[in-house]
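Written out below as C-alpha cells is the structure these notes cover.
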Amino acid sequence: YTDSVLLQGVVAAPLIWLGLSNVAVYNLVLLFSIALSGWAMWKYAAHMTGSPAAAILAGIIFAFVPFRFDHYLHLELQATIFLPLTLLYFERTIETGSRRDAWLMMAAFAAQMYSCIYYAVFLATVLVPIALLRLWLAAPAARLAFVRVTVPAIVAAVIVIIPYAIAYGTNRGTLGDRLDSDIRLYSATWSNYLASTASNALYGATAIHGRPERYLFPGAIAVLLAVIGVIRFDRQRATLAVVGLCGLIISLGLNSPLYEALRAIVVPYRGLRAPARAAILVYLALAALAAFGWARLMRGRSPRAVAMATVAVAVGVIAEYRAPIDAWLEIPRPQPAVYRWLAQQPRSVVAEVPFAQADALHTISDGLYMFHSTAHWQPIVNGYSGFFPPTFMELAEHTRDFPDDRSIAYLKKRGVDLIVVHGGILGPEAFGEVTSALLARPDIEAMAQFQEQRGLDAVFRLRR
C-alpha cells in the first residue's frame, strides 16, 4: 500500500544513470516537486483571475503551505503539480469544449495517479461533484460539447491507470483494509487546522493542536485573502468552494459521519490510512481563492503599486511559512563496506540485525537497510513502509530473541542466506553477545567483518 512514485522514478532514473547519488537525486526531485507545484498553481490562478500578481501569490501559498514542512519524508506528497493542472484543463474544457484540453485534463489526472495515488483518489472524488455542478449551470450546447470531448479522454485515462489499479487491487486482496484505529489516528480534527509544525518560526507554539500528519494550518494571510475572494461569487469560485469543502470533509476521516459512507462506496478509500492528507484540496482552493481576493484588492491600481504591494504581501506569506529544514535521516558516507561487499556476491537473501520488534515496527535502521539495498540489490527480508505485511509482522515476532533456535529456524524457512549484524546500531556489548552466539552454532559460518565509523559489521552465512 506504499505509493510507488513511478513518475518520479522515470524523472530520476536518467540522473541516477549519470552517476548522481540517490540522496542528491531525491533532493532535486523533492525541491522541484515543490517549485513546480507553485508554477502549476500560478498557471491555474492566472487563468482564473487574469492577474499575474495574484497568481504569483497563489503559487507561493500553494508551494510553501506549512503542510509541506511536515512531509519531507513523503516524496509523493510533494507531487501536487497535477492537481491545479487538472482543474485548469477542466475549466478550459468546460469553457470551450476543446478536445485538446479534455485530453490534457485526463493526462494530468493520470500523471497525478502515477506520482501520488492518495491525491489522485481525492482528486477523482472531487471531480465528480464539480463536474455535475458546472454541467448543471452550463448551457445545453456547452454541456453536450463537454461530454462529447471528455468521454474518450476518460476512457483512455482509465486504460492507462488500469495496471496501477490491478497492482493495488491484488495487494488489497492479500493485505486487507486499513484498521479503523489507524484511520482514526490520521483523521483530522477542527483544531488541527489551527496547528502548524513546531519548526514554524511564527506559529510553532500552535503545534500543540496537532500531531504528525495533522499540522494543517494554512496561514492567516491565505485565509484572509480567500475570504475576500469569495465576497463576489461566480461559477469558478463555486467550483473552488466545492473543492475546498470536499477536501475538508474527507480530511476529517472518521471524525466525520460521511467518511464511513465514502469508504463503503469508493473502494480505494479502504486502503488509505491518512484522510488528513485530503487537506491538500483545502490548500488548493484557498490558494486560488486568495488569488481572486488579491485581484479584487488590486483592481484599478497602477502597475507600480500592484508590484510593490504584491512583493510586500509575498514577503509576509513567506515569513508566515518560514521553517528550518531538519534532516530526517543522515546517510553514512562513504557507503558502508559491507554493502559494497554484498554487491559482489552471487544472489543471496539477506537479513540485517537488529530487526524491528513487534512493539516498535517503525525503525530508522530498517529505512537505512532499504536505502543501502540500492547499492547491492540483493533481496532483503527487512524493509520500511507505512504498511506492514503479515510476513514482516512474523519476522518481528520470530526474531524477538535472536539468535535463538526459533529465530534461526524461521530465517531458514524464509530462505535467508546471509545475516549482517551491525555493531554500530546494536552497541559493543550486544554485538559481542550476538556474534558469539552465532559463532557457536554449527549451522552458521563467519564470512566477513568490516570496521565502520560507528562500529563493526559482521556477515554470517546460514547453512541449511
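Observations on the structure shown:
- Pairwise FRET efficiency - Gln453 versus Glu429, Cβ, R0 = 25 Å, nearest 0.05: 0.85
- Given their separation in residues at 0.36 nm each and the Cα-Cα distance between them, Asp359 and Leu258 gain 33.1 nm when the chain is fully extended.
- Relative to the longest principal axis of the Cα atoms of the chain, the long axis of helix 52-64 lies at roughly 20 degrees.
- Estimated FRET transfer efficiency when R0 is 60 angstrom, pair Arg299-Ala13 (beta carbons, to 0.05): 0.80
- Longest segment of the chain lacking chymotrypsin sites (Phe, Trp or Tyr not before Pro) that sit in a DSSP loop with at most 12 other Cβ atoms within 10 Å: 1-232
- When only alpha carbons are used to place a centre, the stretch 121-170 and the stretch 391-464 end up 52 Å from one another.
- Across the stretch 225-239, rounded Karplus estimates of 3J(HN,Hα) from the backbone phi angles (6.51 cos²θ - 1.76 cosθ + 1.60, θ = phi - 60°) give 5, 5, 4, 5, x, 9, 4, 9, 9, 9, 5, 5, 6, 5, 4 Hz, Gly and Pro being marked x.
- Rounded to 5, percent antiparallel among DSSP beta bridges of the chain: 70
- Residues in the stretch 427-434 carry Karplus couplings, in order, of x, x, 5, 5, 4, x, 5, 5 Hz; the curve used is 6.51 cos²θ - 1.76 cosθ + 1.60 with θ = phi - 60°, and Gly or Pro positions show x.
- For the chain, the longest principal axis of the Cα atoms and the long axis of helix 140-175 meet at an angle of about 10 degrees.
- Debye intensity ratio in log₁₀ form over the Cα atoms of the stretch 122-171, taken at each q of 0.15, 0.21, 0.24 Å⁻¹: -0.54, -0.84, -0.96
- Using only Cα coordinates, the Kirkwood hydrodynamic radius of the stretch 28-103 works out to 12.9 Å.
- Helix-only CD estimate at 222 nm, as mean residue ellipticity for the chain, using -39500 (n - 2.57) per DSSP H run (n ≥ 4): -19500 deg cm²/dmol
- The alpha carbons of the chain occupy a box of 84, 46, 45 Å along the principal axes, longest dimension given first.
- Other residues whose C-beta falls under 11 angstrom from the C-beta of Arg441 contribute a net charge of -3, scoring Lys and Arg +1 and Asp and Glu -1.
- Amide proton proximity set for Glu352, modelled H, under 5 Å, gap of 5+: Val381, Asn382, Val420
- Kirkwood analysis of the Cα pair distances in the stretch 187-280 returns a hydrodynamic radius of 14.5 Å.
- HN-Hα J in Hz across the stretch 352-367 - Karplus 6.51, -1.76, 1.60, θ = phi - 60°, x for Gly and Pro: 10, 10, x, 8, 5, 10, 4, 9, 8, 6, 7, 10, 5, 4, 5, x
- Counting charges near Gly9 (Lys, Arg +1; Asp, Glu -1) among other residues having Cβ under 15 Å from its Cβ returns a value of -2.
- Here the extension length gained between Ala309 and Arg464 equals 48.4 nm, from 0.36 nm per residue of separation less the Cα-Cα distance.
- Annotation: amide H of Ala448 within the under-5 Å range of Val459, sequence separation 5 or more or interchain, hydrogens built in the peptide plane.
- Where labels lie 7 Å past Cα in the beta-carbon direction, separation of Ala319 and Ser385 in nm: 4.6
Read-outs: derived from the displayed coordinates by stated rules, not from any lab. All figures in this text were calculated on a predicted structure; none of them were measured in a lab. As a convention, Cβ positions derive from the backbone with ideal geometry for all residues, glycine included, and neighbour counts pool all protein chains shown.
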